[in-house]
Protein chains: 2
Amino acid sequence: MVDYGKYYSSLANNIRASDIRELLALIKHRRDVISFAGGIPDPKLFPKSELADISREAILKYGDEALQYSETKGLIELRETLSDFMRRMKGISADPEDIVVTTGSQQALDIVARSMIDPGDIVVTENPSYLAAIGAFKAAGARLVGVEMDDNGMDTFKLEEKLKSIYSTGGRVKFIYTIPVGHNPAGTTLSYDRRKHLLEIAEKYDVLVVEDDPYSYITYENGVDTTPLKALDRYDRVIYLSTMSKILAPGLRIGWIVAPREVARKFELVKQYLDLHSPTLTQFIVLEAIKKGLVERMIKVATPYYKSKRDAMLSAMEDYFPDYVSYTRPIGGLFIFARVEKEGFNTTKLLEVAINKYKVAYVPGAGFFVDGSGYNTMRINFSYPTHDEIYEGVRRLAQLVKSE
Amino acid sequence: MVDYGKYYSSLANNIRASDIRELLALIKHRRDVISFAGGIPDPKLFPKSELADISREAILKYGDEALQYSETKGLIELRETLSDFMRRMKGISADPEDIVVTTGSQQALDIVARSMIDPGDIVVTENPSYLAAIGAFKAAGARLVGVEMDDNGMDTFKLEEKLKSIYSTGGRVKFIYTIPVGHNPAGTTLSYDRRKHLLEIAEKYDVLVVEDDPYSYITYENGVDTTPLKALDRYDRVIYLSTMSKILAPGLRIGWIVAPREVARKFELVKQYLDLHSPTLTQFIVLEAIKKGLVERMIKVATPYYKSKRDAMLSAMEDYFPDYVSYTRPIGGLFIFARVEKEGFNTTKLLEVAINKYKVAYVPGAGFFVDGSGYNTMRINFSYPTHDEIYEGVRRLAQLVKSE
């Protein structure tokens, strides 16, 4: 028998299957459990017949290119179309040469991590932050420093304190990673003033900002400003990531990065080693879907659809949750984040009980916290379950909270 | 102005655009230059109408899944189908749980690199070897040691000498990387005896073998044994990589890895950080294409098609090349590798002259050599150009060789 352990890199040696992930994988096909653990779009929204036609046409009409190898940074037609799309939708002005198409936004995170992080470098994030971003940054050897959040997102005064204290001890910060709108998992949106403040701080302390924006294209309240940092970025310090996963379909695995030209060029060179290029076929599909207005139509349909699910969940929480459970009221994104202020309540330890006794699942919050806190929090998804499941699931969660 | 350089990782700082790549990119749309520089399939072979129907049906019938997030290691139906496909085609017996679907085989190389290599670890390769593999391994910090080749591929006696000498100086080899059939760039195929010998050496020196096999599904001579190392792997030391890029279409970006179970599990965990999963849609397309027999039909069509191009090129070389140019006679793959035994002949320096004066392009061989040699070699592709271009291009190459 070969002992494979000795051939692993330190990354592979340190990586380990998450117990929680395994536990949650097991419930996928259990009809008796209501799961709020996912983070996936409702497939009812996928514009299947339109995408079926688009993909057929892409292959028939453009197959010589659509099935062939293509440029690492992405099809020029797609980058032009994304440039136009972002200008119209978000007020971001990005030259097609500043855009790199990625294999989902997870690859964007990996590209950023590998291009920017050497072991020991510091990355500042919201605390909590997105699990897979934490994973990608740690895989590159980053030390993560978390900044406290409140209902308006990252506390930018605390951010400045952290940066001061890091610099006073000789630390080296590469970038601030933030999810300004519809934060995963916290459900918060960074206020406009704080967005401006964050950019000022980045300039003052000479760091970059990585803005992860999967969610701002679908928001549930009028009058809340969701202008991306990138659109306000007069110092050219923001690297912007987004994805088609929430506004078209995740199975296409098309995301993108906007970065200052020379940084985009580095990303392109790094991406060559990662997968040569993202699938040409799904790039063609996205290109046509944007050009035909399908993405914008999907946004129009998804907005009230997810809003009504969010409202259902908030209303169920109001009905069922005891006073000592606090939770966010997200204006975007797919998640509500709840905190149980009850002595010793540990959502990680209770997950198995929740599943087996109360027949409800969530993601324990602790994994999202970079400082080991958050044991009494949970991330609750409202995009995938039906209205009925939302009501019944929240009722079950409330029972768990009250009884355990 | 922000000085972005200080935010880069050492990987990004060391990575640099290849002059040759830039030069070759420029000729893409020049009709007056015949290019042997590519390594891409002839799009005439793409089964466009069948793939158009398959993709349409995949979205219409299975869209809820085909457009959705999916499992990191790949769709179980695809892994089962690949398992069956490899058994029938190559005599490889792989459990679906030993398979990880990747975003092209470039991602397979990256996954292997990141899972196995720590900075300073040694990887042994053929000399020359595949450029993008060298790149992925170096990006992870590998030191590369090259083993001499002859017409039968890697010289396994030299391999053993290298391993002995590495171990005698306390070095640490993680794996031997090899392209046994239709080597890129060398055009060679490892003889059966050497394949057995290589596996014995791997066992004796306790190292793993990474077998990169994009090419053995399409070969041009009957009676040449092309059994993969993986099919002969009784010590369970082989990690096998292959791809749909040459036998279906590269634009789908579907490759796969077969590895011992626990290694496959590590790869899966690492892949999570890279792109969560490969595109569900293109996985469905590949799944259906294999099940409907389309991949096997494409192999049947491509084999005589590429064989006739190879023959045309060999015949042109025989007609035009002077005696002091030696070249391989590949039984698989897409390349002929030529060596010009003429004092001071430098294919890197001459590329610009070749393009601008002789209107012909190739890939200079030096970049493929891990020891800085090979300045008088070039890689010549026969899969993409037409028969006429092959004859005329080789004539031009011969002029270059004679005149410069």
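Each value in this text was obtained by applying a stated rule to the coordinates, not by laboratory testing. The structure presented is a predicted model; accordingly, all values stated were derived computationally and were not measured. Cβ sites come from the backbone with ideal geometry, for glycine too, and all protein chains shown count toward neighbours.
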*A:ASP150-A:LYS44 pseudo-label distance in nm [points 7 Å out on the Cα-to-Cβ vector]*: 3.8 nm
_Inter-part distance where the stretch B:109-130 and the stretch A:347-404 are each reduced to a Cα centre, Å_ = 43 Å
*Hey, rough spin-label estimate for B:LYS402 and A:GLU97, points 7 angstrom out along Cα→Cβ, what's it come to in nanometres?*
4.3 nm
*Distances from A:LYS357 to the same position in the other copies: list them in nm, one decimal, shortest first, using label points 7 Å from Cα along Cα→Cβ.*
8.5
*Pairs A:LYS48/A:LYS309; A:LYS291/B:LYS28; A:LYS174/A:LYS342; A:LYS266/B:LYS271; B:LYS204/B:LYS300: which are spaced more than 29 Å apart, C-alpha to C-alpha?*
A:LYS174/A:LYS342; B:LYS204/B:LYS300
*If you put a point 7 Å past Cα along the Cβ direction, how far is that point for A:GLU296 from the same point in each other copy, in nm, smallest first?*
4.9
*Those aspartates and glutamates that a straight Cα-Cα span of less than 20 Å connects to A:LYS402, excepting residues fewer than 8 apart in one chain*: A:GLU318, A:ASP319, A:ASP323, A:GLU341, A:GLU343, A:GLU352, A:GLU389, A:GLU392
_Length-normalised contact order of the stretch B:61-293 in % [C-alpha pairs under 8 Å, at least 6 apart]_ = 28 percent
*Å³ per residue of the Cα convex hull, for the protein assembly as shown?*
162 Å³
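For the stretch A:195-334, take the alpha-carbon Rg, divide it by the Kirkwood Rh, and send me Rg/Rh.
Ratio value, two decimals: 1.04.
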*Once the Cα gyration tensor of the stretch B:111-157 is found, what semi-axes does its equivalent ellipsoid get, as square roots of 5 times the eigenvalues, in whole Å, sorted largest first?*
22, 10, 8
*When chain A is treated as a GNM, springs tying every alpha-carbon pair under 10 Å, which of A:PHE368, A:PHE157, A:PHE382 comes out with the largest mean-square fluctuation?*
A:PHE157
_What is the sum of charges, Lys and Arg at +1 and Asp and Glu at -1, for the other residues whose Cβ falls under 12 Å from the Cβ of B:TYR217?_
+2
*asked:* I'd like the antiparallel share, as a percent to the nearest 5, of DSSP beta bridges with both residues in the protein assembly as shown.
replied: 50 percent
*Distances from B:GLU203 to the same residue in each other copy, label points 7 Å out along Cα→Cβ, in nm, shortest first?*
6.8
_Residue mean of other protein chain beta carbons inside 10 Å, B:252-258_ = 3
*Mind checking which of A:LEU163, A:LEU60, A:LEU51 has the largest fluctuation in a GNM of chain A, springs on alpha carbons under 10 Å?*
A:LEU60
_Using 0.36 nm times the number of residues separating A:LEU60 and A:ASP225, minus their current alpha carbon distance, what extension gain do you get?_
55.2 nm
*What is the mean number of Cβ atoms from other protein chains located within 10 Å of the Cβ atom of each residue in peptide B:99-111, rounded to a whole number?*
4
*asked:* Using Cα springs under 10 Å in a Gaussian network model of chain B, which residue among B:LYS48, B:LYS246, B:LYS291 shows the largest mean-square fluctuation?
replied: B:LYS48
*Relative contact order of chain B: what whole-number percent is it, with Cα pairs under 8 angstrom and at least 6 residues apart?*
24 percent
*On average, how many beta carbons from a partner chain sit within 10 Å of the beta carbon of a residue in B:70-78?*
1
_Centre separation in Å (Cα based) which lies between the stretch B:289-318 and the stretch B:230-251_ = 19 Å
*Using just the helices of chain B, give the 222 nm mean residue ellipticity in deg cm²/dmol: DSSP H runs with n ≥ 4 each add -39,500 (n - 2.57), and the total is spread over all residues, rounded to 500.*
-14000 deg cm²/dmol
*Given the convex hull of the Cα atoms of the stretch A:68-293, what is a quarter of its surface area in nm²?*
11.5 nm²
